[in-house]
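Working notes, beginning with the structure itself.
Nothing in this text is a laboratory measurement; each read-out follows from the coordinates by a stated rule. All values reported here derive from a predicted model rather than from experimental measurement. With ideal geometry, Cβ positions are generated from the backbone for all residues, glycine too; neighbour counts draw on all protein chains shown.
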Amino acid sequence: MAAARKIDPLFAYALVKLESNFNPRAKRGENRGLLQIKPRAWRAFSSLPYETAVWDWRMNLAVGLDGMVRIKQALTARGVFSYPLLWASYHYGYDYVAARGFDMGRIPRPSDSIAYKMWSGEIHPLAPPR
């Protein structure tokens, strides 16, 4: 699913681990599912009802990846695309990263080991699934 959208599959795999620990029922604040999607982000990419469809792991993954594609396109259009910036924009929001001049040095260093690796530029911080 990620490769079809030209998102590195192992990057997406690590992001799912980081966001939800692979739990399709994960819930943190208003964030839901594998990629911890907020209602506003869901509505930007899906016409399906948030509270029911967000729990379908395939839909959650598809909507989250569609969001990543949009972020990747925006970063590419500005000439600044990198996977660390994609991670930061997905995690903190594109506007947050833009307000910091797309400078990873101005993005807080995460304490989570996987997030830290992604922040540092390691786009495959986890071994591939078997």
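Given the alternatives (i) 16.2; (ii) 14.8; (iii) 17.2, Kirkwood radius over Cα pairs in Å as computed for this entry is given by (ii). Helix-only arithmetic for the chain: the sum of -39500 (n - 2.57) across DSSP H runs with n ≥ 4, divided by the residue total, places the mean residue ellipticity at 222 nm at -15000 deg cm²/dmol. For residue 72, the lysines whose Cα comes closer than 18 Å to its Cα, not counting residues fewer than 8 places off in the same chain, are 6.
Taking amide H as placed 1.01 Å from N in the peptide plane, the amide H of residue 32 sits under 5 Å from that of 37, 38, each at least 5 places away or on another chain. The modelled label-to-label distance between residue 56 and residue 22, using points 7 Å beyond Cα along the C-beta direction, is 2.3 nm. Local charge for residue 27 was computed over the other residues whose Cβ lies under 13 Å away, with Lys and Arg +1 and Asp and Glu -1, and equals +1.
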